[in-house]
Amino acid sequence: LALGGIIMVISTNAELGWVVVCAIIVLLCVLFVLFRVTMPRFKRMQRLIDKVNLISREMLEGMMVVRAFDREDHEEERFEGASRDLRSTQLFTNRAMSFMMPTMMLVMNLTSIAIIWFGGQQVDMGMTQTGDLIAFITYSMVIIMGFLMIGMVAIMPPRASVASERV
């Protein structure tokens, strides 16, 4: 979608293309910083999920042995520790990723404002038509949404790599 939007933006009004280029650069910088910070935590989070599942399975399978040796408190502490680590990692990654959506919306809206501002001047001078300006805004939003989807999909490979190691 993003590539198709870029082609349509260039064919509609190449003079306003710099606005879209600036928006893409800002989006890529935000995504790069965000993924640089969160990717190691996503890998750690998947390992912690595996650890919580392992402890749960061990507790369920060895329930009779745990009761026989009076180790319930120890097993509860083990599970609480693993759950606490998982919770703190998930909170960090969710907080970091929750930064992405408002930032993308801000970039989208600022891009729309810039396109309307500079495109309105072109319409006023008779260099472009109003319909072309509306089409340009629509194509720009398609490009930005494409990069937003890339950001959402890019979260999955680190989790999948940990899962594939487990398999």
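The values are calculated or read from the model by the stated rules, or taken from the named source; none is laboratory data. Given the structure is predicted, the values throughout are model-derived calculations rather than measurements. For neighbour counting, all protein chains shown are included, and Cβ atoms are generated from backbone atoms with ideal geometry for every residue, glycine included. Just the protein is used for accessible areas: all its heavy atoms, side chains included, with ligands, DNA and RNA removed. Shrake-Rupley method; radii C 1.70, N 1.55, O 1.52, S 1.80 Å.
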Of the candidates Ser88, Ser56, Ser83, the one satisfying the condition of being without any contact (Cβ under 8 Å) to a residue 12 or more places away in the chain and under 29 Å from Ile155 (Cβ atoms) is Ser88
Which one of Arg47, Arg71, Arg78, Arg41 is open to solvent by 40 Å² or more (accessible area, probe 1.4 Å), free of Cβ contacts under 8 Å to residues at least 12 places away in the same chain and more than 30 Å from Thr138 (Cα to Cα)?
-> Arg71
Hey, Thr111 hits all of (1) polar (S, T, N, Q); (2) out of contact with any Ser or Thr (no Cβ under 9 Å at 6 or more places or on another chain); (3) closer than 21 Å to Val33 by Cα but one; which does it fall short on?
-> (2)
Expected single match for under 30 Å from Met8 (Cα atoms), of a type outside the set (A, V, I, L, M, F, W, C), modelled with pLDDT of 85 or more and touching a Gly at 6+ places or on another chain (Cβ under 9 Å) among Asp124, Asp132 is Asp132
Kindly indicate the residue of the range 1-28 that is more than 18 Å from Phe118 (Cα to Cα), under 20 Å from the mean Cα position of the chain (by Cα) and open to solvent by less than 80 Å² (accessible area, probe 1.4 Å) and also modelled with the lowest pLDDT among those meeting that condition.
-> Ala2
So, first residue on the phi < 0 side of the Ramachandran plot and of a type in the set (Ser, Thr, Tyr) in the range 1-26, second residue open to solvent by 50 Å² or more (accessible area, probe 1.4 Å) and in a helix (DSSP H, G or I), Cβ within less than 7 Å, six or more apart or across chains; the pairs are Thr12/Asp132; Thr12/Tyr139
What number goes with the only condition from (1) without any contact (Cβ under 8 Å) to a residue 60 or more places away in the chain; (2) open to solvent by 60 Å² or more (accessible area, probe 1.4 Å); (3) closer than 30 Å to Ile6 by Cα that Ile137 does not pass?
-> (2)
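Residues are listed down the side, and each one gets a yes or a no for (1) within 15 Å of the chain's Cα centre (by Cα); (2) of a type outside the set (S, T, N, Q); (3) at negative phi:
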{"site": "Glu58", "(1), (2), (3)": "no, yes, yes"}
{"site": "Asp70", "(1), (2), (3)": "no, yes, no"}
{"site": "Glu76", "(1), (2), (3)": "no, yes, yes"}
{"site": "Ser83", "(1), (2), (3)": "no, no, yes"}
{"site": "Pro102", "(1), (2), (3)": "yes, yes, yes"}
{"site": "Leu148", "(1), (2), (3)": "yes, yes, yes"}
{"site": "Gly151", "(1), (2), (3)": "yes, yes, yes"}
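Results for (1) touching a residue at least 12 places away in the same chain (Cβ under 8 Å); (2) loosely packed, with under 14 Cβ neighbours inside 10 Å; (3) under 15 Å from Cys22 (Cβ atoms), shown as yes or no for each residue.
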residue	(1), (2), (3)
Ser112	yes, no, yes
Gly119	yes, no, yes
Met125	no, yes, no
Leu133	yes, no, no
Gly146	yes, no, no
Ile150	yes, no, no
Ser164	no, yes, no
Val167	no, yes, no
